[in-house]
1. Going down the table (Lys76/Lys141; Lys74/Lys254; Lys122/Lys143; Lys146/Lys249), which pairs top 20 Å between alpha carbons?
2. If you take the Cα atoms of the stretch 2-251, find Rg, then find the Kirkwood Rh from the mean of 1/r over all pairs, what is Rg/Rh?
3. I need the chymotrypsin sites (Phe, Trp or Tyr not before Pro) found in the stretch 118-178, filtered to DSSP loop residues with at most 16 other beta carbons within 10 Å of theirs.
4. State the Cα centre-to-centre distance between the stretch 172-200 and the stretch 58-92 in whole Å.
5. Defining a contact as two alpha carbons under 8 Å apart and six or more residues distant in sequence, what relative contact order in percent does the chain show?
6. Kindly provide the helix-only [θ] at 222 nm of the chain, computed as the sum of -39,500 (n - 2.57) over DSSP H runs of four or more divided by all residues, to the nearest 500 deg cm²/dmol?
7. Once phi is turned into ³J(HN,Hα) by the Karplus curve 6.51 cos²θ - 1.76 cosθ + 1.60 with θ = phi - 60°, what whole-Hz value does each residue of the stretch 208-221 show in order, with x for glycine and proline?
8. Rank by packing, highest mean first: peptides 182-189, 85-92, 101-108, with packing defined as the count of other Cβ atoms within 10 Å averaged across residues.
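Laboratory data are not the source of any read-out in this text; all were calculated from the coordinates shown. Keep in mind the model is a prediction, meaning the values are calculated, not measured. Here the Cβ is made from the backbone with ideal geometry for all residues, glycine too, and neighbour counts use every protein chain on show.
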Amino acid sequence: MFDSHAHLQDGKLKNDLENVLKRARDAGVARITCIGYDLESSQEAVGLARKFKQVYATVGVHPHDAKTMNPEVKEKLKNLARDPKVVAIGEIGLDYYRDLSPREKQKEAFIEQILLAQEIGKPIVIHDRDANQDVMEIIKKYKAGKNGGIMHCYSGNLPLAMEAVQNGFYISFAGPLTYKNARRSHEVVVKVPMERLLVETDCPYLTPEPLRGRINEPANVRYTVEKMAALRNQHPDEVAYLTERNACKVYRIKD
């Protein structure tokens with residue numbers, strides 16, 4: 001399995017990281033992408049990717065932190081992104097639910113980082129919460145899927161998912177797929193082509209059933225794999241293999 005989106009640098013995980021990674025390996029998780037969300041966390045993600053063979057990194061500024069984006073931060077992200085274990089720019093996007101940065105600033109940071117990804121030839125990882133229309137408009141206008149990309153922790157509807165796929169994106173699901181009220185996500189999982197699906201934990205957040213209430217970690221991605229397999233009437237091993245292959249494809253991992 002490939003946990004395509006994790007925050008290993010989070011304080012809830014990094015103080016016990018050796019054991020977290022051992023439990024992941026024991027559960028069959030071969031690869032993990034550690035996702036940056038501001039400059040400091042991006043630097044930490046790259047450091048972990050350099051230290052641990054099964055860990056890869058992304059670098060980027062999350063919409064919550066868009067107000068911190070400036071030319072100096074952008075240049076530092078660009079330098080970090082040159083590391084061979086940095087597989088994407090992210091997580092980037094728009095969040096109109098919490099609005100922790102002004103919406104115009106979110107859009108500016110999102111567009112800047114799309115252009116950065118295109119400049120260096122890497123895919124992007126998108127965070128979209130309550131901003132579907134603006135995210136899709138930006139994706140289309142700036143051809144954001146030119147080098148591939150991921151709609152992370154997808155919670156939108158089926159038409160939007162298919163539109164994202166048509167624009168070069170993969171659709172990734174985390175623990176909420178296992179929740180009883182996730183009917184919309186269940187429909188998306190069934191209808192989106194298997195070659196465009198990914199799994200993730202977004203750990204230490206979004207712990208799947210039956211472990212809700214505990215700190216999430218990469219080993220738990222198996223619960224999302226199992227739910228996806230049940231919804232699609234496929235064997236979990238097949239879904240594990242195919243989603244790992246998909247993640248390697250979008251992240252351009254060839255080893």
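1. Checking Cα-Cα distances, Lys76/Lys141; Lys74/Lys254 exceed 20 Å.
2. 0.94
3. Here the sparse-neighbourhood loop sites are Tyr142.
4. Result: 27 Å between the Cα centres.
5. Once normalised by length, the contact order is 19 percent.
6. -13500 deg cm²/dmol
7. x, 5, x, 10, 3, x, 9, 5, 7, 7, x, 4, 7, 4
8. 85-92, 182-189, 101-108
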